[in-house]
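Here the structure is laid out as structure tokens; the discussion comes afterwards.
The values are calculated or read from the model by the stated rules, or taken from the named source; none is laboratory data. Source: prediction; values computed, not measured. Counting neighbours? That spans all protein chains shown, and the Cβs are built from the backbone with ideal geometry, glycine included.
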Amino acid sequence: MMKKMLNIRGQRGAAAIEFAIVLPVLVLLLFGTIEFGLLLYNQQVITNASREGARAGIVNQTPRVTPQAIASVVTNYCGGSLITFGDNATAGPNVNVSSTGTSFGDDLTVLVTYNYDFLVLSNLGFGQQVLGGRTVMKYE
């Protein structure tokens, strides 16, 4: 009976050591999941922003919407929705608007790019990621 008691007491220290070994891996998995989730969220915001900009640009109206106004629609859509860390925290997306003309059936292309900075994973070799969304719509 006494030998069993001593054996149980000795196991408590082993469990603490095992936990200390496994904890960094668990924390890395947790932060990796969170940060890649934020990356995918930002990709979705950029894709929708390019779609909203293109939709605002193709609507049939006189005069046509200017590329600056389309860029403004994209920037307003992104507004406070984009989440990033580091030096890029206050920078907005880059918007490039091009078209083959302004007549019915011509293409309008809205390309939106954004630099995403990781918080924790940047220390492990994951650098800045460039996210992009490209939408092509025909003028109405």
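Just to check your reading of the model, which residue among THR47, THR66 is under 19 Å from the mean Cα position of the chain (by Cα) and within 17 Å of SER98 (Cα to Cα)?
From the options THR47, THR66, the qualifying one is THR47.
Restricting attention to segment 56-94, the residues that are surrounded by 15 or more Cβ atoms within 10 Å (Cβ to Cβ), of a type in the set (Val, Ile, Thr) and under 19 Å from TYR139 (Cα atoms) total 5.
The numbered conditions (1) modelled with pLDDT under 90; (2) of a type outside the set (D, E, K, R); (3) in a strand (DSSP E or B) are all true for ALA89 except (3). If you go through segment 105-123 and pick out every residue that is without any contact (Cβ under 8 Å) to a residue 40 or more places away in the chain and either over 14 Å from the mean Cα position of the chain (by Cα) or in a strand (DSSP E or B) (or both), you end up with 6.
Filtered by the rule that a residue be surrounded by fewer than 18 Cβ atoms within 10 Å (Cβ to Cβ), closer than 18 Å to MET137 by Cβ and not basic (Lys, Arg), segment 35-55 gives THR47, ASN48.
Out of everything in segment 100-135 that is surrounded by 12 or more Cβ atoms within 10 Å (Cβ to Cβ) and among the β-branched types (Val, Ile, Thr), what residue ends up being farthest from GLN44 (Cα to Cα)? If we take residues in segment 100-135 being surrounded by 12 or more Cβ atoms within 10 Å (Cβ to Cβ) and among the β-branched types (Val, Ile, Thr), then THR102 is farthest from GLN44 (Cα to Cα).
Within segment 46-94, the residues that satisfy the criterion of being in contact with a helix residue (DSSP H, G or I) (Cβ under 6 Å, 6 or more places away or on another chain) and within 16 Å of TYR116 (Cβ to Cβ) are ALA49, CYS78, SER81, LEU82, ILE83, GLY92, PRO93.
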